[in-house]
1. Which entries in K222/K293; K16/K305; K16/K293; K109/K144 show an alpha-carbon gap greater than 23 Å?
2. From the alpha carbon gyration tensor of the range 206-333, can you work out the equivalent ellipsoid semi-axes (sqrt of 5 times each eigenvalue) and give them in Å, largest to smallest?
3. Quick check for me: using +1 on Lys/Arg Cβ and -1 on Asp/Glu Cβ, what's the dipole size of the chain about its Cα centre, in debye to the nearest 20?
4. Whole Å is fine, so just give me how far the alpha carbon centre of the range 168-187 lies from that of the range 308-334.
5. Quick check on the chain: helices-only [θ] at 222 nm, where DSSP H runs of length 4 and up contribute -39,500 (n - 2.57) each and the sum goes over total residues. Nearest 500, please.
6. For the range 221-227, in order, what is each residue's ³J(HN,Hα) by Karplus, 6.51 cos²θ - 1.76 cosθ + 1.60 with θ = phi - 60°, in whole Hz (x at glycine and Pro)?
7. How big is the range 88-170 along each principal axis, measuring the range of its Cα positions in Å and listing the largest first?
8. Report, to the nearest 10°, how far helix 68-83 tilts away from the longest principal axis of the Cα atoms in the chain, using its own Cα long axis and a range of 0 to 90°.
Amino acid sequence: MRSFLTLGQFIIENQKDFPYAKGELSRLLRDIGIAAKLVNREVNKAGLVDILGSADATNVQGEEQKKLDVYADEQFIQALRSGGECCIVASEEHEDIVCIDSHISSTAKYVVCIDPLDGSSNIDVNVSVGTIFSIYRRISVDGKATLDDVLQQGDRQVAAGYVIYGSSTMLVYTTGKGVNGFTLDPSIGEFCLSHPNMKIPESGQIYSINEGNYIKFPQAVKNYIKYCQEEDSASNRPYTSRYIGSMVADIHRNMLLGGIFLYPSTSSYSKGKLRLMYECNPIAWIIEQAGGKAISGEGRILDIKPETLHQRTPAFLGSKAMVEKLEEFIAATN
Ligand code: P6P
């Protein structure tokens, strides 16, 4: 008889980690897990919907065919609204904060920043996509929560995680006590603990960057890429280049195999492309909790003081030794 621990059981068993919470954060994590299962169902049949003819943007039930990232956004916001533990959502899909102002949510303790379906352009070519979420405790003590409750430094997160909709669907999260990974078992519809206490390898041989932007990379990044490509048996170089173009997929692979993911400033994105609040902060915390490093090129990502909701930052994150080698190149060019 296979013994497994479901996400719900794991959250309850680790409730003691939140001495001040009376189960609210646990319920919030459970709400996110429920929405992830609903999104997973739609992501997995995205191709099927195309086959069954949604050319005129309606699905087989004659409903208006929503773009999957809009659908995902609606599912997560609905789950958070009905769960009653979240007072504000900052979503990649909304220019402004979404106040969850219902009678049960207005006193809710938690703020959620989320990219409901990151990398959604990859869905049409059947490449893994993901959800990234970040949870803070609200700062204001009463009344309506505001943007100030959202714009908090990454090191004030109380929980962060990602869902990868890939060859299997996994939910990986941290509450500051390490990182644990749960794989969705479709036969029972539950996320089951499959990767307890995840640790990213100290080093690795994979570097992950969109080299199409090479000409405009900062010199330190160009020097690092050259270092990755030089022959050196002692340091197992040349490294291997792997770039999926879906952050969650690239990060998850590096979490398991070791590696570094780089998204520097480019000609199109002078401050980097990736968003701080709902891509870089949650992923940076997970990487650090798994023993890796996460920097912006000017310091630790989790130390950045946010100024705007959708602000971007350069991001270099992954195996500790690889990020530290990059830091040497950055220091040498400063
Ligand atoms: P590029 C997806 O659009 C995304 O936000 C991340 O998931 C991914 O890492 C990055 O952008 C890819 O960007 O410019 O290489 O296509």
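The numbers here are math on the coordinates, done by the rules we state, and not lab data. As the structure is a prediction and not an experimental result, all values here were calculated from the model. Positions of Cβ are generated from backbone atoms using ideal geometry, with glycine treated the same way; all protein chains shown enter the neighbour counts.
1. K16/K305; K16/K293, as the Cα separations exceed 23 Å there.
2. 22, 17, 14
3. Around 720 debye, computed over the chain.
4. Taking the Cα centre of the range 308-334 as reference, the centre of the range 168-187 is 26 Å away.
5. -9000 deg cm²/dmol
6. My calculation for the range 221-227 gives 5, 4, 5, 5, 4, 4, 4 Hz in order.
7. Extents along the principal axes: 46, 23, 22 Å.
8. Compared with the principal axis, the helix lies near 50 degrees.
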